[in-house]
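Read through the structure below, which is laid out as structure tokens, and then see the notes.
No value in this document is a laboratory result; all are computed from the given coordinates. These numbers come from a predicted model, not from an experiment. When we count neighbours, we look across all protein chains shown, and the Cβ atoms used for this are built from the backbone with ideal geometry, even at glycine.
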Amino acid sequence: MKFETPALPYNNKALEPIISEKTIEFHWGKHVNAYLTNLNKLIPETPFENASLDEIVKKSEGGIFNNGAQVWNHLFYFNSFSEKRGTTPSKELTDAIREAFGDLDSFKKEFESQAVGVFGSGWMWLVKDKQGKLSLIKASNAENPIRKDFMPIFVADVWEHAYYLDYQNRRPDHLSALWNIVDWGIISERYRNYKTVELKKS
Ligand code: MN
């Protein structure tokens, strides 16, 4: 049994010009594919052979964790966007953002500022806790907040491979542009009814 290669929920040009077709081809087509191939090579004959992707991210260490979490994180990341433009958060999510950050613009500014401050490779997470309270988590490398029982709502990939082809070293420009392609319908649904990332095996 191997994890199947998942499909992107949109075509390779759907996020242009914010994320180019070329970036999708390399980032999704090469980087994510390599993490998945490595994961499938590493898990046979280990305690994680029959584990779900979620269990792997929560319980494994070393190479299995690094590759498994990178698969989880990227599936979550790429499924945060769509070809739609101009979506808005639900009333419920807007209220939670207001409670935690003041308003939507203040949230975006704070998210971008902390994401710019992630040193080296990593991820910038928006999470909710069991009470529904939102907070931001800066993460290095493959780190994933489900290991600490937070429920991710949104994430930005701040590894250079996520933006270098389109923005070179301009991480701040990439981050401020991302809001144009974020599908707030998806993010609002995650806030309302969190579901983890699932990946089929066959
Ligand atoms: Mn990436």
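Excluding Tyr167 itself, what net charge comes from residues whose Cβ is under 14 Å from its Cβ, given Lys and Arg +1 and Asp and Glu -1? Before the final figure, lay out the partial values.
Details: positive: Lys22, Arg170, Arg171; negative: Glu16, Glu112, Asp157, Glu160, Asp166, Asp173.
So the surrounding residues net to -3.
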Here FRET efficiency (C-beta to C-beta, Ala7 to Ser121, R₀ 25 Å, nearest 0.05) is 0.45
Which of Glu25, Glu55, Glu45 fluctuates most in a GNM of the chain (C-alpha springs under 10 Å)? That residue is Glu45
Ranked by GNM mean-square fluctuation in the chain (Cα springs under 10 Å), the top entry among Gly120, Gly185, Gly62 is Gly62
Checking Thr46, Thr23, Thr94 against a Gaussian network model of the chain (alpha-carbon springs below 10 Å), the top fluctuating residue turns out to be Thr46
Within segment 1-102, DSSP-loop trypsin sites (Lys or Arg not before Pro) with at most 16 other C-beta atoms within 10 Å are Lys2, Lys13, Lys84, Arg85
If amide H atoms are modeled at 1.01 Å from N in the peptide plane, then the residues at a separation of 5 or more from Lys2, or on another chain, having amide H under 5 Å from its own are Ser202
Treating only Lys and Arg (+1) and Asp and Glu (-1) as charged, each at its beta carbon, one finds that segment 21-78 has a dipole about its Cα centre, in Debye to the nearest 20, of 140
Taking the alpha-carbon centre of each part, the distance from segment 155-202 to segment 45-72 in Å is 21
Relative contact order in percent for segment 1-87 (Cα pairs under 8 Å, 6+ apart) equals 35
Links exceeding 19 Å between C-alpha atoms in this model, out of Lys91/Lys133; Lys108/Lys128; Lys148/Lys195; Lys58/Lys130; Lys13/Lys108, come to Lys13/Lys108
Binned at 5 Å starting from 0, the alpha-carbon pair-distance distribution of the chain in whole percents comes out as 1, 7, 16, 20, 21, 17, 11, 5, 1, 0
For segment 156-202, listing GluC sites (Glu not before Pro) in a DSSP loop whose Cβ sees at most 11 other Cβ atoms within 10 Å gives Glu198
In segment 126-202, the trypsin sites (Lys or Arg not before Pro) that sit in a DSSP loop and have at most 13 other Cβ atoms within 10 Å of their own Cβ are Lys130, Lys133, Arg170, Lys195, Lys200
Sorted by chain and then number, the residues having a modelled amide H within less than 5 Å of the amide H of Ser90, at least 5 places away or on another chain, are Ser188
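Relative contact order of the chain: what whole-number percent is it, with Cα pairs under 8 angstrom and at least 6 residues apart? Could the numbers behind the result be given before it?
Details: 289 pairs, mean separation 58.7, N = 202.
Result for the chain is 29 percent.
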